[in-house]
Each structure stands twice: as C-alpha cells, then as structure tokens.
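The values are calculated or read from the model by the stated rules, or taken from the named source; none is laboratory data. Every value quoted in this text rests on a predicted model; they were computed, and no experiment measured them. Here the Cβ positions follow ideal geometry from the backbone for every residue, glycine too, while neighbour counts run over all protein chains shown. Protein only, heavy atoms only, side chains kept; ligands, DNA and RNA dropped before computing areas. Shrake-Rupley method; radii C 1.70, N 1.55, O 1.52, S 1.80 Å.
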Amino acid sequence: MIDVSVIGCGNMGGALLTGLSRAGGYRITAYDVDPDALDAVSEHCDRTTTNLGDVRDSEVVVLAVKPDIVPIVLEDLDLRPGQTLVTIAAGVSRARVAAETDATVVRIMPNLAAETRTMAAAVSWDDPDEHVAQMLSDLGEYVVIDEDLMHVATALNGSGPAFVFYLIQAMQERAVEEGLDPDDARVLAAQTFEGAAETVLQSDRDLDALIDAVCSPGGTTIEGMEVLFDSDVDAVVGDALTAARRRSEELAGDAEE
C-alpha cells in the first residue's frame, strides 16, 4: 500500500485521484483549499483535507497546482528526505522545486487519461523512483526523458488529448452530416481512435506501413487519404504542437522571474 497525497483537485489532480483509486493499492489523501473541489473527488479518496499539514507524512506527494501557485504551496509544505515530491506544473523545473524542499523531486507531464488508466506520461528524475514508477504504470504508459525535453512532452502528451478530441469531433460532426445518429457517430469515431492507437502501440510496423495496410488500391480509404495527402493538415497539427511547446517555454520563463 503506497501512501499518496495529491495537492490540488482540479481537472488533472482529480484525474490522478480517480485513476489511483481505480487501480487500488493506494492510501489516498486529497488536499485543496476549495471544499467543493474536495467534495467532487471524495469518493476516490481515503481522506480529504483543507489542512496542508495532513499531507506531510505521505510517501509520495503530488503537486497538482498551476505554476503560479507552486511557490505559495512550497512555502508551507514541510517534507523530509526520503519522501518524494512529484510536480506536474508546466514550466516549473525540478531545480526550482528542489530548492524549496528536502524531499526528492520528480517531474512528470501526465494527461487527463489518468482517470481511465490509459494515460501517456513523461517523467524526469535523477534516479528511478519505485513508487512513482508504480503509480505511472498503474495509470497507463510512461517514458523517461531529459528534463529539457519536458516542453515538447507538455505539448505532445499533455496538450495532445485536446488535439485528439478536436479531430474526433470533426469526424463525428461530418458523419452526422452524412446521416449517422450523433451518439453512434461519437462511439464509432472515439473507438476508431482508441483502436488505431492500440494498434500503433502493439505493432512493430511503422506508421506508413499501417496506413498502407488500411488503403486498398482503388478503395475508399485511399480516396480519403488523397484528400489528406493534398492538404497541409500535417503541418497544421505540427504547428499546434509547436505553439503549445512555445507556451510551455514562456511559462518556464515567467516562473524563473
């Protein structure tokens, strides 16, 4: 049983709490200054609190607050060597956090799929942390990266779900225009993305080969792919990722000021 506290019960903190609760094997404390936020996650926690002192004995403390709130929390958060402080704040470096705590600092970039335990996460640490590795594995898949690549990870897997939701919505809406029931179109579009993603993860073929596997000569798929090949959609999607990465860098600059 791993004793975990999550500071901040907004969208991402709530997703982490929900996923850990569903995974089992965790004693979970949720902290927030907003009682309504605590009420929203209470069913997934062993304890909720508005007293920051209640999280100080946890083996792992997750700092799931916005970047500008990090210094305020760290000022009153007294952790010891041997504990682990996990920060998910975009643009806030491990060094910045480590300067304010005696705990070991690990930085991750998770995403909202933590709630369904299908999260993609990037992690940066000096040495592998057993408890954090277990948590990330229970919540989905993770990769270990150098911290200077966290801005890219923030854009890719942190912001990426919103980009995917946008594409699912576009496919759903066009299918509805073509006559499908909205609920049926939503299921088919979302499941298509889930199935395609799982195929990528389980296949040793590259993406071009997987595209070719769906495209029969003269068939329906290649007809649609020709529209994509003739467009600049790949550049537009790439530009969205670059814009998110640049914003992460801007937040990091603001945090250092």
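Below is a table of values for the structure above.
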read-out: Members of region 145-170 that are within 14 Å of the chain's Cα centre (by Cα), farther than 27 Å from L188 by Cβ and β-branched (V, I, T); value: V152, T154
read-out: Candidates G82, G91 - the one that is out of contact with any strand residue (DSSP E or B) (no Cβ under 7 Å at 6 or more places or on another chain) and open to solvent by less than 10 Å² (accessible area, probe 1.4 Å); value: G91
read-out: Test result for A103, within 23 Å of D54 (Cβ to Cβ), touching a Gly at 6+ places or on another chain (Cβ under 9 Å) and open to solvent by less than 60 Å² (accessible area, probe 1.4 Å); value: yes
read-out: Answer from T101, T84 - the residue that is farther than 14 Å from L16 by Cβ, in a strand (DSSP E or B) and of a type in the set (S, T, Y); value: T84
read-out: Close pairs from region 215-244: first more than 27 Å from S159 (Cβ to Cβ) and among the hydroxyl-bearing types (S, T, Y), partner open to solvent by 80 Å² or more (accessible area, probe 1.4 Å) and in a helix (DSSP H, G or I), Cβ under 6 Å, at least 6 apart; value: T221/V214
read-out: Only one of V60, V86, V6, V106 that is modelled with pLDDT of 95 or more, of a type in the set (V, I, T) and touching a Leu at 6+ places or on another chain (Cβ under 6 Å); value: V6
